[in-house]
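Heads up, the thing below is written out as structure tokens.
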Amino acid sequence: MVFLLYLLINAGVVYGFFRIRSKQLAPLEILFYWCIGSMLVQNYSALQTMNFKSAMVPDQLGPAFAHLLNRTVLYPVLTLLFLHTFKASKGAGTRLICLIGFSLLMYGFEYLSGALGVFVHLTLKEWWAMTYWLLHNLIMVGIMILFRNKLQSGGAR
């Protein structure tokens, strides 16, 4: 049941992203940021579950597949939506609101997955997860700036 809920959430977020008519991101950027965002979330999940033992994913198929879907689809697409909105924002104040808002949204999905038993935090403090999503989004903005500079320069040094 929880897998179906997350399947609908993921489908809705993907549908919402691809319905945006004038994207601020080029198709190559979408693919690149999706891969990088997915890799960051996969590493976060692996560190939490295997290394620090501060989180666990239940051994049932439904929550395990829901967590896999979240790591590979939900969080990377939310990252793409964040980068699209961040790029469309003009002022520093609106970009700060965008950064904090999307970090809280991503933390909210992580909190929801903990409440539904998909990605259960055992010893993690709440502010650590919030800090992770803030850093994740800041890293993605840095990667976006570097990638766009490299893309516009044609790859030359």
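The values are calculated or read from the model by the stated rules, or taken from the named source; none is laboratory data. Computed from a prediction, not measured in an experiment: that's the story for all the values here. Note that we place each Cβ from the backbone using ideal geometry, even for glycine, and neighbour counts take in every protein chain shown.
Structure data summary
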| item | result |
| --- | --- |
| Qualifying residue in segment 15-33 (condition: surrounded by 15 or more Cβ atoms within 10 Å (Cβ to Cβ), free of Cβ contacts under 8 Å to residues at least 24 places away in the same chain and not charged (D, E, K, R)) | no |
| Among (1) more than 24 Å from Phe147 (Cβ to Cβ); (2) buried (at least 22 other Cβ atoms within 10 Å of the Cβ), the one test that Gly37 misses | (1) |
| Filter result for the condition that a residue is within 16 Å of Lys87 (Cα to Cα), without any contact (Cβ under 8 Å) to a residue 40 or more places away in the chain and either in contact with a strand residue (DSSP E or B) (Cβ under 9 Å, 6 or more places away or on another chain) or in a helix (DSSP H, G or I) (or both), over Leu151, Leu146 | Leu146 |
| Scan of segment 115-132 for residues that are under 18 Å from the mean Cα position of the chain (by Cα), within 17 Å of Thr49 (Cα to Cα) and in a helix (DSSP H, G or I), ordered by number | Glu126, Trp128, Ala129, Tyr132 |
| Count of residues meeting criterion [in a helix (DSSP H, G or I) and on the phi > 0 side of the Ramachandran plot] in segment 35-71 | 0 |
| Thr94 vs. criteria buried (at least 16 other Cβ atoms within 10 Å of the Cβ), out of contact with any Asp or Glu (no Cβ under 9 Å at 6 or more places or on another chain), more than 14 Å from Phe3 (Cα to Cα) and without any contact (Cβ under 8 Å) to a residue 24 or more places away in the chain | no |
| Test: residue in segment 97-114 that is touching a strand residue (DSSP E or B) at 6+ places or on another chain (Cβ under 8 Å) and in a helix (DSSP H, G or I) | yes |
| Condition broken by Asp59, with the remaining ones in (1) under 26 Å from Leu4 (Cα atoms); (2) at pLDDT 95 or above satisfied | (2) |
| Qualifying residue in segment 55-78 (condition: hydrophobic (A, V, I, L, M, F, W, C) and within 13 Å of Asn137 (Cβ to Cβ)) | yes |
| Of residues in segment 92-130 being at pLDDT 95 or above and among the β-branched types (Val, Ile, Thr), the one nearest to Gln60 (Cα to Cα) | Val118 |
| Boolean, Leu28 is farther than 24 Å from Ala129 by Cα, touching a helix residue (DSSP H, G or I) at 6+ places or on another chain (Cβ under 8 Å) and part of a helix (DSSP H, G or I) | yes |
| Complete set of residues in segment 72-91 that are among the hydroxyl-bearing types (Ser, Thr, Tyr) and either part of a helix (DSSP H, G or I) or buried (at least 19 other Cβ atoms within 10 Å of the Cβ) (or both) | Thr72, Tyr75, Thr79, Thr85 |
| Whichever residue in segment 115-143 is free of Cβ contacts under 8 Å to residues at least 40 places away in the same chain and not aliphatic (A, V, I, L, M) and, among such residues, is nearest to Ala66 (Cα to Cα) | Trp133 |
